[in-house]
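Below is one structure, written out as structure tokens; comments come after it.
Please treat every number below as a calculation from the coordinates, not as lab data. Just so it is clear, the model here is predicted, and its values are computed rather than measured.
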Amino acid sequence: MVSRLKSLFEDPTKRPRLIVWIGVAVIGLAVLSAVGVIGTSTNWFCTEPCHVVHYDNTLAFNAGTHVKLSCVTCHEPVNGSPLTFILMKLEVAPDLIPTIAGTFHLPMNEGSYLALEMEDEYCTQCHNLDNRVVNPSKGIIIDHEAHTKKDVTCTSCHNRVAHPEESVTYVLEGDEKHENWLTMDACFRCHGLEADAAAPGACEACHPASFDLVPASHDAENWYNDFGDSGGHAAAYTEEASRVVQAVAWADGLEEVEHRAAPEMPYEQEINTCYTCHSKAFCTDCHGVEMPHPAEFVTDHGEAGLSNPDACATCHARSEAEAASGEFCNACHHPQGAPDRPWLTQHDDIVRTTGASPCFDCHNPTYCSACHVGGPEAAERYLKENAGD
């Protein structure tokens, strides 16, 4: 074969024809490559004939403001050469097998790892401060330049700007919507109120002085009332803490995925919304005891109640008078008694009716004798020496 080609080059009569055929082959290859690159770079090709796995992504893309752009605008190198595109097509060619077999992993882009891999040049090829005025939502102050200096990329916050999912219903079985990092909780992946936070979490860092910082939920009638129904804030915290526990378990499961988004950065779902406004010590500082109560509090709260009864009264007293008298303890500890009367004035009637046995479920027999034999002073001394007995 080599000798035959050599003879063609050496034969002057056949050389022009050979050159023509070589030219035709080169042009044909160039046209074929161009058609292949352009054809496989259309949004239609990215969804219909090959990458059906991207069907949900296309639904979200069509609902966004970038719908007139091609997928490759953001998903292939900026100003890349045709050779770069060809090499990228070859690189993802093995994905054809799971696509055809229907064994591809869903949900796609789990943990939004792709957003954290994208460089700013994908965005700045169109957007910059010279040709686009940045208009955050009302009441929000965003210093984009400060974030850029800290190497915070555009898609670290704007992860769903090209694929908004609010109005989209996914159809691929096993697919699910992603976190939206343009929420306050998502900001606290970096910002925080604690001393070791990567960025400041004080209100004035992101909100003007005129912004109403109190969420609507806090205006509910049962959110917090002195000596009234204040279960709203406690129930909200309990629900939020439970949700965060589930989110942490979900994030831990992402370690099995090939691309996990920034392990050193928490996910938006892992952020406790309460701690975006309040420090973790806020509950304890307000209540005067550890909040939420630890499991062992059930058995040792008597000592805490005797040493700091005002802390208990904050939540458990039903009136200012009840808080001052300490009678609120009787609601749980002496349910046999009438709630409108002090327990001390009626416990003897209850004992005559039920006997003393129920008393000994909680008290040592000497507890009764301390008062009945030694008098009130002896009883007070006994309580201090045997707190919780």
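Taking one quarter of the surface of the convex hull spanned by the alpha-carbon atoms of the range 257-366 gives a direction-averaged projected area of 11.7 nm². Using the alpha carbons alone, the radius of gyration of the range 68-177 stands to its Kirkwood radius in an Rg to Rh ratio of 1.01.
Computed from the alpha carbon atoms alone, the convex hull of the range 101-162 holds 128 Å³ per residue.
Working note: Cα atoms of the range 149-254, range along each principal axis, descending, whole Å: 50, 40, 29.
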